[in-house]
Structure formats: C-alpha cells, structure tokens
Amino acid sequence: MLNKRSFKSKVSKARSLTEEIEQLKYDIFRDVNLENVSFEGINSDNLYDAINCFIDYGEGVMSTPVDDEDAIIEALWLGYQKHI
C-alpha cells in the first residue's frame, strides 16, 4: 500500500505522462486525416484507430505477429507514409 507521498507522486507522474502522450499523438495526427484510411488492425478498420489502439493498448495489426512490436510499428508506418 502506498503512503500519501508516494500516492501523490505517482498520480502526478501519471498525469504528466498522459499529457506527454497526448502531445505525441497530436504530433502524429496534426497534419493528416487517417480516419478514412482503411487499415486492418486487430480492433480497428482505419489507420487512425489502429495507431491509437497500438499506443493505448498495445494492439497489433492483422499483417503481423501480435507480439512483434517492431513489425507492428513498421506496418503502421507503411500505412502512414502512404498518406502523408
């Protein structure tokens, strides 16, 4: 169980990391609309959702092994690259 100091520190750090993640997502998506780009993610059918599902939940894409992070990122990059 956490003490008050540890609890407050962890909550504050989690908030800071969430803000950093949101900024990184903004940087990825700010110049492109990927919601209309078909893509076969595990729980998504467009590239925008596939990228978010990977970032948020570690979900893969249909064309790669689920546990091969480099292959997943490469597949996402190939889809992204075609539409930038």
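Considering only residues that are hydrophobic (A, V, I, L, M, F, W, C) and either assigned to a loop (DSSP other than H, G, I, E, B) or without any contact (Cβ under 8 Å) to a residue 12 or more places away in the chain (or both), which ones fall in the stretch 29-45?
Matches in the stretch 29-45: Val32, Leu34, Val37, Phe39, Ile42.
Which condition number does Gly79 fail, the rest of (1) touching a Phe, Trp or Tyr at 6+ places or on another chain (Cβ under 6 Å); (2) open to solvent by less than 40 Å² (accessible area, probe 1.4 Å); (3) outside any helix (DSSP H, G or I) being met?
Condition not satisfied by Gly79: (3).
For Ser38, all conditions in the list (1) among the hydroxyl-bearing types (Ser, Thr, Tyr); (2) open to solvent by 70 Å² or more (accessible area, probe 1.4 Å); (3) within 14 Å of the chain's Cα centre (by Cα) hold save one; what is the number of the exception?
(3)
Quick one: is Ile28 hydrophobic (A, V, I, L, M, F, W, C) and out of contact with any Gly (no Cβ under 9 Å at 6 or more places or on another chain)?
It is true that Ile28 is hydrophobic (A, V, I, L, M, F, W, C) and out of contact with any Gly (no Cβ under 9 Å at 6 or more places or on another chain).
Of all residues being aliphatic (A, V, I, L, M) and either assigned to a helix (DSSP H, G or I) or free of Cβ contacts under 8 Å to residues at least 24 places away in the same chain (or both) in the stretch 51-68, which is surrounded by the most Cβ atoms within 10 Å (Cβ to Cβ)? Just the residue, please.
Among those that are aliphatic (A, V, I, L, M) and either assigned to a helix (DSSP H, G or I) or free of Cβ contacts under 8 Å to residues at least 24 places away in the same chain (or both), it is Val61.
Have a look at Tyr26, Tyr48 and point out the one that is aromatic (Phe, Trp, Tyr), without any contact (Cβ under 8 Å) to a residue 60 or more places away in the chain and exposed (fewer than 10 other Cβ atoms within 10 Å of the Cβ).
Just a single option satisfies the conditions, and that option is Tyr26.
The values are calculated or read from the model by the stated rules, or taken from the named source; none is laboratory data. Note that the structure is a prediction, hence the values are computed from the model and not measured. Reconstructed Cβ throughout: ideal geometry from the backbone, glycine too, with neighbour counts over all protein chains shown. For the accessible areas, the whole protein counts, side chains as well, though only heavy atoms, and no ligand, DNA or RNA atoms are used. Shrake-Rupley method; radii C 1.70, N 1.55, O 1.52, S 1.80 Å.
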